[in-house]
Amino acid sequence: MKKTIFNILFIIVLSALFLQPVSAQLKTNAQKADSVLNLMTLDEKIGQINQYNDDWTATGPVTLDPDKVTQVQKGEIGSLLNCVGTERTRHWQLIAMQSRLKIPLLFGQDVVHGYKTTFPVPLAESCSWDMEAIELSARIAATEASAGGIHWTFAPMVDIARDPRWGRVMEGAGEDPYLASKIAYARVKGFQGEKPGEINSVMACAKHFAAYGAAIGGRDYNSVDMSDRLLWETYLPPFKAAVDAGVATFMNSFNDINGVPSTGNKYLQRDILKGKWGFRGFVVSDWGSVGEMINHGNVKNEYEAALCAITAGCDMDMESRCYKNNLAQLVKDVKVPVALIDDAVKRILRKKFELGLFDDPFKYCNPKREQKELNNPEHPIIARDIARKSIVLLKNQDQLLPLSKNIKTIAFIGPLVKAVKQNKGFWDVELPGLDSNFIVSQWEGLKNKVGNRTRLLYAKGCEIEGENKDGFADAVDIAKQADIVILSIGERRDMTGEAKSRSDIGIPGVQEELLKVLLTTGKSVVVLINAGRPLVFNYTADHAQAVLYTWWLGSEAGNAIADVLFGDYNPSAKLSITFPLSVGQIPIYYSHFNTGRPAVSDSNRFYNSSYTDISIWPKFEFGYGLSYTTFRYSNLQLSKRKMKSDDRVEVSVTITNTGHYDGEEIVQLYLRDLVGSIARPVEELKDFRKIKLKAGESQQVKFLIDKEKLSFYNQQLQWVAEPGEFDVMIGASSRDIRLKDRFELVE
Ligand code: GLC
């Protein structure tokens with residue numbers, strides 16, 4: 001007994017001796033931020049919430065400042081964007097260290113799908129449905145970006161999009177809130193790592209908050225007209241997933257929602273994000289979006305724009321200069337309490353402390369680490385793997401693919417065969433002085449694959465745009481000499497992205513006419529379609545023997561495509577967005593309501609919700625994608641037919657690889673709430689499993705259905721699960737439902 005008491009006393013004395021006063025050892029980042037805030041003048045506070053573009057490149061309308069250096073020296077700028085590389089960031093950080101309080105700058109950059117090593121555009125990656133691969137892709141991007149002096153990426157873009165006329169559909173994860181939420185979570189985790197301040201991590205930024213993808217007419221920057229119910233049920237979930245993943249920052253969207261610009265939307269930023277969701281990071285405007293509220297017509301001038309945005313919860317002003325030029329006067333006019341500015345400044349300072357920038361402002365400016373990580377041989381290998389997983393096999397008539405490795409002659413034709421930088425897609429990072437020789441073109445990739453074994457013939461055939469068919473003859477000539485034709489067509493990489501909305505999403509120029517001519521040779525043609533968005537290509541889809549949607553796959557594009565063409569990787573991707581039959585069908589998405597006169601087949605389009613001049617079905621549906629093998633779905637079992645709200649239903653199904661190739665299958669679980677106080681969609685993705693099966697192998701796949709998966713926002717915006725019957729559908733796509741059953745939620 002005595003011994004025990006002695007031990008306890010000994011431990012107490014020992015810890016008292018070594019326990020440092022809180023001030024030195026356990027002060028939190030919040031307390032440190034408060035300490036710095038208390039030293040700051042109002043001008044310095046306003047400077048911290050001001051972000052300018054560096055002069056290397058621009059991603060918005062440029063305002064030239066002759067005295068940016070002076071402003072940084074005076075602590076009047078808190079962050080720079082489009083400033084890349086250890087040399088350039090060190091240059092600016094040294095200037096910031098001349099300021100009175102030596103508050104370090106934050107460097108932000110659009111590292112959307114890779115820094116140097118470029119990954120598939122995000123919409124392509126989302127078709128992998130592979131959360132590990134997607135997280136790893138973001139991890140590598142963060143590793144390279146942080147080695148290049150970047151602290152903060154303006155990614156992931158998590159906007160739900162159901163209108164491929166909108167060019168920014170390429171930046172997101174498609175049309176479905178369930179899949180897009182999983183991907184948002186994975187990408188934030190990938191960018192930010194386990195905890196802020198890790199050397200290989202950057203802060204992530206969930207953007208564009210909110211509902212930017214619902215721009216009317218698919219026209220970028222256009223208004224959004226939306227019920228709160230739809231906002232909550234479809235457009236907010238990926239943002240909430242980002243918050244759950246610990247995302248450090250948010251970015252406003254350019255659009256208004258029902259007449260209120262997001263940058264000045266208090267309901268979004270203070271009630272939902274910082275209130276209900278408890279978000280403690282900071283919100284940055286989009287480029288100039290504070291000042292653009294004048295154009296929106298919600299404020300009269302920059303003075304009112306600054307007042308509206310800071311009040312609504314926008315913590316940092318990217319490039320509009322409204323905060324810099326008006327906040328001091330707004331405080332003087334007692335229109336803006338300093339407390340609002342303090343809150344914004346503290347949110348930003350906390351992040352700078354978390355990143356370790358106060359301890360070492362040059363922590364991310366290590367040229368040796370930059371050289372090492374930007375030339376890390378592991379990175380292209382990882383990029384190649386996620387690229388292969390993003391390729392969607394849309395058609396494979398008579399199992400033309402995979403190609404035999406004994407094939408004698410291949411004619412590789414098209415304007416994108418030898419393209420290099422095109423493979424990077426939109427929102428790649430332009431690094432000063434970096435050449436493109438690390439990017440593997442499709443031609444290089446095929447050459448790497450076949451070596452001297454196969455004769456490769458090349459003809460461009462035509463340009464991406466324009467009516468010139470002079471190159472057709474050469475193309476036909478080499479096609480006649482070949483055993484098979486591979487035709488690589490599509491759009492230019494800058495035809496899809498920001499400010500790239502298109503009213504016609506067909507394949508431009510005479511590329512499909514080139515296919516038509518090539519088919520007259522009687523040779524089989526495999527078509528590769530390169531794009532950042534869903535395109536309309538009915539002739540190609542109906543007449544080519546095989547079609548691969550190769551998107552923009554990044555720096556390992558050529559190798560990834562060759563891996564799939566020759567079966568070294570069996571394609572497993574499935575569409576995360578609906579591909580319309582025609583632009584006239586838009587908006588078209590799988591999780592639609594049934595309506596009072598449901599369109600359920602093309603055979604009867606009388607008096608139902610369909611067009612008289614076109615099928616009710618898209619060209620390719622959400623969740624669609626083929627494999628070189630086939631899968632059988634069998635033995636669907638539910639653990640119970642009646643479920644109480646605190647209960648769960650276990651669903652199991654057996655998947656068998658019935659083909660000759662090992663492969664992966666994305667098994668999709670859809671639910672339908674047959675009767676609700678709000679009409680419920682005909683189906684909603686509620687879970688999925690991506691499984692690997694050897695030829696002939698079977699595996700039981702299990703899902704758990706709980707009350708959360710049955711819930712929705714009712715008219716009062718309450719998240720409820722209502723008693724009644726639910727259909728359970730297990731599918732290989734949203735339209736290819738293989739097995740179905742039903743259960744009842746009883747209370
Ligand atoms: C652009 C984009 C946004 C990007 C920002 C900085 O206008 O809308 O996504 O992060 O400006 O480049």
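Just a few scattered comments:
- Qualifying residue in the range 47-58 (condition: closer than 30 Å to HIS208 by Cα, modelled with pLDDT under 95, of a type in the set (Asp, Glu) and surrounded by 15 or more Cβ atoms within 10 Å (Cβ to Cβ)): yes
- The residue pairs whose first member lies in the range 177-206 and is aliphatic (A, V, I, L, M), whose second member is modelled with pLDDT under 95, and whose beta carbons are closer than 9 Å, counting only pairs six or more residues apart or on different chains, are MET203/PRO196.
- Within the range 152-176, no residue satisfies the criterion of being surrounded by fewer than 24 Cβ atoms within 10 Å (Cβ to Cβ) and closer than 21 Å to ALA245 by Cβ.
- Test set (1) away from the ligand (no atom under 16 Å from the Cβ); (2) modelled with pLDDT of 95 or more; (3) over 23 Å from PHE426 (Cα atoms) - GLY197 fails condition number: (2)
- Condition met for VAL243 (among the hydrophobic types (A, V, I, L, M, F, W, C) and within 24 Å of GLY60 (Cβ to Cβ)): no
- VAL36 meets the conditions (1) β-branched (Val, Ile, Thr); (2) in contact (Cβ under 8 Å) with a residue 60 or more places away in the chain; (3) within 15 Å of the ligand (Cβ to nearest atom) in every case but one. The failed one is (3).
- Residue check, GLU498 touching a helix residue (DSSP H, G or I) at 6+ places or on another chain (Cβ under 7 Å) and within 28 Å of VAL583 (Cβ to Cβ): yes
- Among residues of the range 55-101, those that are of a type in the set (Phe, Trp, Tyr) and within 16 Å of the ligand (Cβ to nearest atom), counted: 1
- Pairs, first touching a residue at least 60 places away in the same chain (Cβ under 8 Å) in the range 491-508, second among the charged types (D, E, K, R) and surrounded by fewer than 20 Cβ atoms within 10 Å (Cβ to Cβ), C-beta under 6 Å, six or more apart: ALA499/ASP220; SER501/ARG219; SER501/ASP220
- On the stretch given as the range 156-171, residues that are over 15 Å from ASP428 (Cβ atoms) and either more than 12 Å from the ligand (Cβ to nearest atom) or in a strand (DSSP E or B) (or both) total 8.
- Matching residues, the range 314-334, being in a loop (DSSP other than H, G, I, E, B) and touching a Ser or Thr at 6+ places or on another chain (Cβ under 6 Å): CYS314
- Every residue from the range 344-370 that is part of a helix (DSSP H, G or I), open to solvent by 50 Å² or more (accessible area, probe 1.4 Å) and more than 13 Å from ASN29 (Cα to Cα): PRO367, LYS368
- ARG321, sole failed condition from (1) more than 16 Å from the ligand (Cβ to nearest atom); (2) surrounded by fewer than 23 Cβ atoms within 10 Å (Cβ to Cβ); (3) under 30 Å from the mean Cα position of the chain (by Cα): (1)
- Breaking point among (1) modelled with pLDDT under 95; (2) outside the structural domain of GLN481 (by TED's automatic domain parsing), for LYS405: (2)
- Taken over the range 453-501, the criterion of being of a type in the set (Lys, Arg) and more than 16 Å from the ligand (Cβ to nearest atom) is satisfied by ARG453, ARG455, LYS460, LYS469, LYS480, ARG492, ARG493.
- Test: residue in the range 385-402 that is in contact with a strand residue (DSSP E or B) (Cβ under 8 Å, 6 or more places away or on another chain), at negative phi and surrounded by fewer than 18 Cβ atoms within 10 Å (Cβ to Cβ): yes
- Any hit, the range 111-134, residues being over 18 Å from the mean Cα position of the chain (by Cα) and part of a helix (DSSP H, G or I): no
- Pick from the range 111-139, criterion open to solvent by 10 Å² or more (accessible area, probe 1.4 Å) and over 16 Å from ARG388 (Cα atoms), ranking: farthest from the ligand (Cβ to nearest atom): ARG139
- Of the residues screened, VAL675 is one that is under 22 Å from GLU233 (Cβ atoms), part of a loop (DSSP other than H, G, I, E, B) and either in contact (Cβ under 8 Å) with a residue 12 or more places away in the chain or more than 32 Å from the chain's Cα centre (by Cα) (or both).
- Within the range 403-412, the residues that satisfy the criterion of being surrounded by 15 or more Cβ atoms within 10 Å (Cβ to Cβ) and either among the aromatic types (Phe, Trp, Tyr) or within 24 Å of THR630 (Cβ to Cβ) (or both) are LEU403, ILE407, PHE412.
- In the range 699-715 there is at least one residue that is within 27 Å of ALA133 (Cα to Cα), in contact (Cβ under 8 Å) with a residue 40 or more places away in the chain, outside the structural domain of VAL564 (by TED's automatic domain parsing) and polar (S, T, N, Q).
- Residues in the range 413-438 that are buried (at least 18 other Cβ atoms within 10 Å of the Cβ) and in a loop (DSSP other than H, G, I, E, B): GLY414, PRO415, LEU416, VAL417, ALA419, VAL420, GLY425, PHE426, TRP427, ASP428, VAL429.
- Residues of the range 683-712 satisfying the condition of being surrounded by fewer than 20 Cβ atoms within 10 Å (Cβ to Cβ) and assigned to a loop (DSSP other than H, G, I, E, B): LYS694, ALA695, GLY696, GLU697, ASP706, SER711
- Among the residues of this structure, ALA184 counts as one that is assigned to a helix (DSSP H, G or I), small (Gly, Ala, Ser), touching a helix residue (DSSP H, G or I) at 6+ places or on another chain (Cβ under 9 Å) and open to solvent by less than 10 Å² (accessible area, probe 1.4 Å).
- For ILE478, the conditions (1) surrounded by 17 or more Cβ atoms within 10 Å (Cβ to Cβ); (2) in a loop (DSSP other than H, G, I, E, B) are fulfilled apart from (2).
- Within the range 220-233, being in contact (Cβ under 8 Å) with a residue 40 or more places away in the chain, touching an Asp or Glu at 6+ places or on another chain (Cβ under 9 Å) and not aromatic (Phe, Trp, Tyr) holds for one residue alone: ASP220.
- Helices (runs of 4 or more DSSP H) within the range 503-598 that include 3 or more residues open to solvent by less than 10 Å² (accessible area, probe 1.4 Å) and out of contact with any Phe, Trp or Tyr (no Cβ under 9 Å at 6 or more places or on another chain): 557-565
- Exclusive hit being assigned to a strand (DSSP E or B) and either surrounded by fewer than 14 Cβ atoms within 10 Å (Cβ to Cβ) or of a type in the set (Asp, Glu) (or both), set GLU664, GLU722: GLU664
- Contact map, the range 366-379: first residue touching a residue at least 24 places away in the same chain (Cβ under 8 Å), second residue open to solvent by 90 Å² or more (accessible area, probe 1.4 Å), Cβ cut-off under 8 Å, separation 6 or more or different chains; pairs are PRO367/GLU87.
The values are calculated or read from the model by the stated rules, or taken from the named source; none is laboratory data. Only a predicted model underlies this, so the values are computations on that prediction, with no experimental measurement involved. Glycine gets a Cβ as well: all are built from the backbone with ideal geometry, and neighbour counts include every protein chain shown. In case anyone asks, the SASA skips ligands and DNA or RNA and just uses the protein heavy atoms, side chains included. Shrake-Rupley method; radii C 1.70, N 1.55, O 1.52, S 1.80 Å.
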